[in-house]
Each structure stands twice: as structure tokens, then as C-alpha cells.
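Below is one structure, written out as C-alpha cells; the observations come after it.
The values are calculated or read from the model by the stated rules, or taken from the named source; none is laboratory data. Everything numeric in this text was worked out from a predicted model, so none of it was measured. When we count neighbours, we look across all protein chains shown, and the Cβ atoms used for this are built from the backbone with ideal geometry, even at glycine.
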């Protein structure tokens, strides 16, 4: 289960990187704002595009898989191979020394 979530997480990471790199930057018009007239410097961004919605969806999936990986890594049922094949060596019982008996007074 951990491996499946990890592979899904890596695929989502790669897709998220590509989708973010495909988008046009919002700071592209800022240079024109100081040297010229830009109508959309900090105004309305217009309708959300498909890439914006896809970025939001992939970011939500990224967060969910991150939380899933954190949960699964803390609750793994597999033990160490050392614990599975540990050999128990019987120990000799050391007799307890007899304490001196005190006589009642």
C-alpha cells in the first residue's frame, strides 16, 4: 500500500510541475506597469482557465497523498528483519543469595 501511494505521489508531483510551468506568469505585466500602462496589474484576473483548475486539483491530490504517506510511514506493520529472525538464547538462572535470617528479639 505504501509503495502504491508513493508511486502515485511521484506521478502527481511531476504532473504538478509541468502544469505550473505551462502557465503564463502573472508578473509578466508588472514590467509594463512601471514603464507603461497596464490595465491588469492587480485587477481582475478574468475567468479561471483549465490549467488553473488542473493546478488546484493536482495540489489537493498532492496534499492528500502527502498526508497518506505520513500516516502510512508511521503505522507500518512490518518489523525489522532483525526482530523476525532473532534467536533467543536461554540464560542460566543465577540462584539468589540467601539473606541472613534475623532472629526475633
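Identify all residues within the range 72-105 that are at pLDDT 75 or above and over 30 Å from residue 21 (Cβ atoms); write none if there are none. Answer for the range 72-105, where residues must be at pLDDT 75 or above and over 30 Å from residue 21 (Cβ atoms): 74, 75. With respect to the stated conditions, residue 33 is modelled with pLDDT under 65, surrounded by 10 or more Cβ atoms within 10 Å (Cβ to Cβ) and in a helix (DSSP H, G or I). Being out of contact with any helix residue (DSSP H, G or I) (no Cβ under 9 Å at 6 or more places or on another chain) and either loosely packed, with under 14 Cβ neighbours inside 10 Å or at pLDDT 90 or above (or both) is a description that does not apply to residue 19.
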